[in-house]
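Presented below is the structure to which this report refers.
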Amino acid sequence: QVQLVESGGGLVQPGESLRLSCAASGSIISIYTMAWFRQAPGKEREMAAAITSGGSTNYADSVKGRFTISRDNAKKTVYLQMTSLKPEDTAVYYCNAQNPFNRRSNYWGQGTQVTVSS
């Protein structure tokens with residue numbers, strides 16, 4: 001029903017910026033809550049940012065003020081603008097889509113690697 005494809009990851013130096021994109025398929029993707037999760041080596045996967053269909057957002061404390069999640073429903077794309085990147089932001093970033101009216105409708109992208117290193 002839904003497919004997610006992430007892009008935009010790469011290698012950057014501390015303090016630099018990066019923008020991730022997640023292109024989604026599906027006719028009702030606009031009602032889904034979208035989120036970016038990340039998983040650093042040796043650590044649990046954690047939610048970095050989320051955005052509801054109405055545009056409400058929430059962020060992990062570790063990224064608040066530096067990351068911005070947004071969505072363009074016409075393009076069926078969600079973005080994660082990352083600024084002031086730190087080495088601890090290094091992780092595989094995954095796009096997630098959740099239908100709030102059907103918990104079984106939960107989808108993941110393949111992930112994109114973000115490496116922050118001097």
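The values are calculated or read from the model by the stated rules, or taken from the named source; none is laboratory data. What you are looking at is a predicted structure, and each value in this text was computed from that prediction instead of being measured. As a convention, Cβ positions derive from the backbone with ideal geometry for all residues, glycine included, and neighbour counts pool all protein chains shown. Ligands, DNA and RNA are stripped out before the accessible areas are found, and what is left, the full protein with its side chains, is counted by its heavy atoms. Shrake-Rupley method; radii C 1.70, N 1.55, O 1.52, S 1.80 Å.
Structure above, values below:
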quantity: Asn73 versus Glu16: modelled label distance in nm, points set 7 Å from Cα along the beta carbon direction; calculated: 3.5
quantity: Local net charge near Met82, Cβ-Cβ under 14 Å (Lys/Arg +1, Asp/Glu -1); calculated: +1
quantity: Of Gln98, Gln13, Gln39, the one that fluctuates the most in a GNM where the chain has Cα springs shorter than 10 Å; calculated: Gln13
quantity: Chain lengthening between Thr57 and Lys43 when straightened (0.36 nm per residue, less Cα-Cα); calculated: 2.6 nm
quantity: Between the range 34-65 and the range 70-118, the Cα center-to-center distance that results, in Å; calculated: 8
quantity: Nitroxide proxy distance, nm - points 7 Å out along Cα→Cβ at Gln81 and Ser117; calculated: 2.8
quantity: 20 Å Cα-Cα reach of Lys43 towards lysines, excluding residues that sit fewer than 8 places from it in its own chain; calculated: Lys64, Lys86
quantity: The chain - percent of accessible surface contributed by carbon and sulfur, probe 1.4 Å; calculated: 47
quantity: Translational diffusion of the chain, µm² s⁻¹ [Kirkwood Rh, Cα pairs; Stokes-Einstein; 4 °C; 1.567 mPa s]; calculated: 92
quantity: Solvent exposure of the chain as accessible area per residue, Å², 1.4 Å probe; calculated: 54
